[in-house]
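What follows is one structure encoded as structure tokens, with my remarks underneath.
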Amino acid sequence: MTRTNGIDHGPGAGRNAFTAPPFVNMDMNFAKRFALGERVKVQVVFAFFNLFNRQNPAAVSPRADVALEPFGKRLQVLPGREGQIGFRIEF
């Protein structure tokens, strides 16, 4: 059994033998521009991040020798669904 970077590799486990938890993310952006006369335009923007509200890993356990913390377990997750509204004035 070889040991590299604190991870035990069993027989036949080579480079990139382990995978992290899946990362799925979808962001969506809606924008609408309105003309207020010839020279002024107003744009309204709605933006959504992590639309499906998945718990994507931000930090994964790198060690397999700790009983309470198995290898590949999510230690931190990224924020859930977020949204923002924006206004832009062009002249």
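I'd like the FRET efficiency for T19 and L51, computed as 1/(1 + (r/R0)^6) with the beta carbon distance as r and R0 of 22 Å, rounded to 0.05. Before the final figure, lay out the partial values.
On the way: r = 24 Å, r/R0 = 1.09.
With R0 = 22 Å, the Cβ-Cβ based efficiency is 0.35.
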Under the Karplus curve 6.51 cos²θ - 1.76 cosθ + 1.60, θ = phi - 60°, whole-Hz ³J(HN,Hα) for the range 29-35, x wherever Gly or Pro sits: 9, 10, 9, 9, 10, 10, 8
Computed lengthening from L36 to K73, 0.36 nm per intervening residue step minus Cα-Cα distance: 8.0 nm
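Read the figures in this text as sums done on the coordinates, not as results from a lab. Keep in mind that what you see is a predicted model, and the values were worked out from it rather than measured. Note: ideal-geometry Cβ built from the backbone for every residue, glycine included; neighbour counts use all protein chains shown.
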